[in-house]
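Heads up: the structure comes next, in structure tokens.
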Amino acid sequence: MSGPARVLLVGPPGAGKGTQAFQLAERLGVPHVASGNLLREAMERGTPLGAEVRSYMERGDLVPDEVVVALMADTLTAPDCVGFVLDGFPRTAAQAAALDEMLAAAGRPLDVVVLMEVEEDELIRRITGRRICPECQRSYHMTYNPPADDESCDEDGVHLVTRPDDTLDKLRHRLDIYNREAAELSGYYEQRGFLAHVDGLGSVEDVAERIGKAIEAAA
Ligand code: ADP
Ligand code: AMP
């Protein structure tokens, strides 16, 4: 791999993509780009995009492809995004094709796609205990991955919150959507020969090590 790394993490909600992407981006010295974080920030700031996506996100539905593709094209072709760790986008094969196109046009093709595999019972345990920092969006778990101080973010000390779409019924809906799209999405990358399957069970450190090895193997 020459130049800044371009890594994509895919997997079901709760697989640990955000947790791993945050650390990996720091280690590789590239931005962490998460579509869900960008969309939540747009809602928080009250932008027209935020207003447009709010009802989809509150229901746990996917935001329409063209909306998220336009947002990600702006972000991923910016001068500070020559390398990146991307998570949450693409979620459909149509988004994957759009991503390929925008990255090819920018001369920034992906180096590797890592599929994080975690079984459903564990996803439910992870999501129902998740808290996020509303400021920097860092993700914690009250049992598995707690902040140093009970209720606030290690980065900026802001009080942690539960995402409104992290309820059990919304999670089940999000998992149904994931399961509907996953085969086509992973098939898209499998066909192109750069999908690395990584076991997402175990400690955050163990999973990070597996992802590190998958990236090295792809280099
Ligand atoms: P995703 O971005 O894939 O939806 P997150 O990174 O937000 O997932 O992780 C989901 C939840 O699981 C969070 O509460 C996080 O702290 C926790 N978590 C992440 N990695 C692990 C792990 N290896 N073991 C246990 N819990 C984890
Ligand atoms: P996440 O933070 O990745 O769990 O995403 C939270 C929510 O943002 C999802 O349930 C969708 O409503 C929306 N979202 C994030 N990324 C995408 C995407 N690539 N395509 C469509 N909707 C998305």
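The values are calculated or read from the model by the stated rules, or taken from the named source; none is laboratory data. As the structure is a computational prediction, the values presented were derived from the model and not from experiment. Ideal geometry is used to build each Cβ from the backbone, glycine not excepted, and the neighbour counts take in all protein chains shown.
Do we find that Leu49 is surrounded by 13 or more Cβ atoms within 10 Å (Cβ to Cβ) and within 16 Å of ligand 1 (Cβ to nearest atom) in this structure? Considered against the rule, which asks whether it is surrounded by 13 or more Cβ atoms within 10 Å (Cβ to Cβ) and within 16 Å of ligand 1 (Cβ to nearest atom), Leu49 comes out as no.
Restricting attention to segment 69-92, report how many residues are more than 17 Å from Gly29 (Cβ to Cβ), hydrophobic (A, V, I, L, M, F, W, C) and touching a residue at least 60 places away in the same chain (Cβ under 8 Å). So the answer is 0. Restricting the first member to segment 189-213 and to residues that are closer than 13 Å to Val114 by Cα, and the second to residues that are among the hydroxyl-bearing types (Ser, Thr, Tyr) and at pLDDT 95 or above, the beta-carbon pairs closer than 7 Å and six or more apart or on different chains are Leu195/Ser186; Leu195/Tyr189.
For residues that are within 12 Å of the chain's Cα centre (by Cα) and of a type in the set (A, V, I, L, M), scanning just segment 3-23, find the one that is farthest from ligand 1 (Cβ to nearest atom).
Here the answer is Val7.
Being on the phi > 0 side of the Ramachandran plot and in contact (Cβ under 8 Å) with a residue 24 or more places away in the chain narrows it down to one residue among Gln137, Gln95; which is it?
Just one listed residue meets the conditions, Gln137.
Within segment 65-79, is even one residue part of a loop (DSSP other than H, G, I, E, B) and out of contact with any Phe, Trp or Tyr (no Cβ under 8 Å at 6 or more places or on another chain)? There is at least one residue in segment 65-79 that is part of a loop (DSSP other than H, G, I, E, B) and out of contact with any Phe, Trp or Tyr (no Cβ under 8 Å at 6 or more places or on another chain). Of the set (1) over 24 Å from Ala219 (Cβ atoms); (2) modelled with pLDDT of 95 or more; (3) among the acidic types (Asp, Glu), all apply to Glu44 but (2).
Within the set Ala25, Ala21, Ala42, the sole residue that is touching a His at 6+ places or on another chain (Cβ under 7 Å), hydrophobic (A, V, I, L, M, F, W, C) and within 14 Å of ligand 2 (Cβ to nearest atom) turns out to be Ala21. Within segment 93-101, at least one residue is modelled with pLDDT of 95 or more, in a helix (DSSP H, G or I), over 24 Å from Gly29 (Cβ atoms) and among the acidic types (Asp, Glu).
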